[in-house]
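Enquirer: Structure in structure tokens, see below.
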Amino acid sequence: MSRTIPSAPGPSNPLTNSYTYHSSTPTAPGPYILGVDEAGRGPVLGPLVYGVAYCPASWKTDLEQLGFADSKTLTPEKRAQLLGVLNSDPQNLGWSVRVISPQAISAGMLRIPPTNLNKQSQDATVLLIRDAFSVYVDALGNTTTYEAYLSSQFPGISFTVTTKADSKFKIVGAASVAAKVTRDACVDGWTFEELVEEDDNAVENTRKENWNREFGSGYPSDPKTQAWVKASLDPTFGFPSIVRFSWTTVKVILEKSAHSVKWTDEGQESLMKAFEGGKGREKDRCIVTKDLGIQSIGTL
């Protein structure tokens, strides 16, 4: 599938870094309307994909006749057909996607301080919005706050941020299709970078057996996804890069079934102990502060 989707990695190309794909830019005069939607926010497997679609405001009536809707309500065949529609009128229709790799999602959420998924989503949205007059955004949570944030980033552009925007506005439905088809192509055509770089044939064959493509939906509640995640665990190296390490589902499996790791510099254990926090009445005081008689004070 990914071979026929221009926004997905080519065959045998592992998805290791986030990237952006842009269609050709429409040439019809503006002003333009632009819709934003995502696919893959909840799954424990694969990338998160943000999509935008845009067209002249004067072309809105034509857009209404093309069949775009919330991609979750469409069959895979219909979604693929509609992606072809997105490419059929380059003078009036344009689209882009931002593919956030599982590695980038995990790295952001596990760093200190963390970059949570909401912030990563906002960054992807801002990156995709270009030269639009009216923008309709499908969002979860506090839509008013998000709308104010986007308006502050793009003064002079009118924003409408609402839930279920992919079913309310056809331009968001088009963005939904672009995001969903791209994500499905990324997952269906996933190339395991760990196997590409593997020299040990015995290890590679074992991993090929465990790393089949019976992913299920990718959502943590899906029994097929749960079974695949558990079977794909390497107790020393963890999971292949398609897995989002920052998801609670994955953390629990690692804690229960993977080899434990003690991150201590050799010879420094006693020094680290000296700076550990105390317990009980000595809570928040380490050995060093106690030995030096250092105490917290409320007023000077």
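The values are calculated or read from the model by the stated rules, or taken from the named source; none is laboratory data. Computed from a predicted structure; not experimentally measured. Glycine gets a Cβ as well: all are built from the backbone with ideal geometry, and neighbour counts include every protein chain shown. Ligands, DNA and RNA are stripped out before the accessible areas are found, and what is left, the full protein with its side chains, is counted by its heavy atoms. Shrake-Rupley method; radii C 1.70, N 1.55, O 1.52, S 1.80 Å.
Enquirer: Report in % the part of the accessible area of the range 210-265 that belongs to carbon and sulfur, leaving out ligands and nucleic acids; probe 1.4 Å.
Expert: Heavy-atom surface of the range 210-265 belonging to carbon and sulfur, 1.4 Å probe: 55 percent.
Enquirer: Could you order the peptides 216-222, 186-192, 30-36, 84-90 from most to least packed, using the average number of other C-beta atoms within 10 Å per residue?
Expert: The packing order, highest mean first, is 30-36, 186-192, 216-222, 84-90.
Enquirer: Using a cut-off of 14 Å between beta-carbons, work out the net charge of the residues near Ala165 (Lys and Arg +1, Asp and Glu -1, Ala165 not included).
Expert: Numbers: positive: Lys72, Lys164, Lys168, Lys170; negative: Asp37, Glu38, Asp70, Asp138, Glu147, Asp166.
So the environment of Ala165 carries a net charge of -2.
Enquirer: Next question, about the same structure. Roughly how many nanometres apart are two label points built 7 Å out from the Cα toward the Cβ at Leu195 and Leu127?
Expert: Reported label-point gap for Leu195 and Leu127 is 2.7 nm.
Enquirer: Ordering Ser24, Ser12, Ser7 by how much accessible area each has at a 1.4 Å probe, largest first, what is the list? Write down the numbers at each step before the final one.
Expert: On the way: Ser24 70, Ser12 90, Ser7 0 Å².
Correct descending sequence by accessible area is Ser12, Ser24, Ser7.
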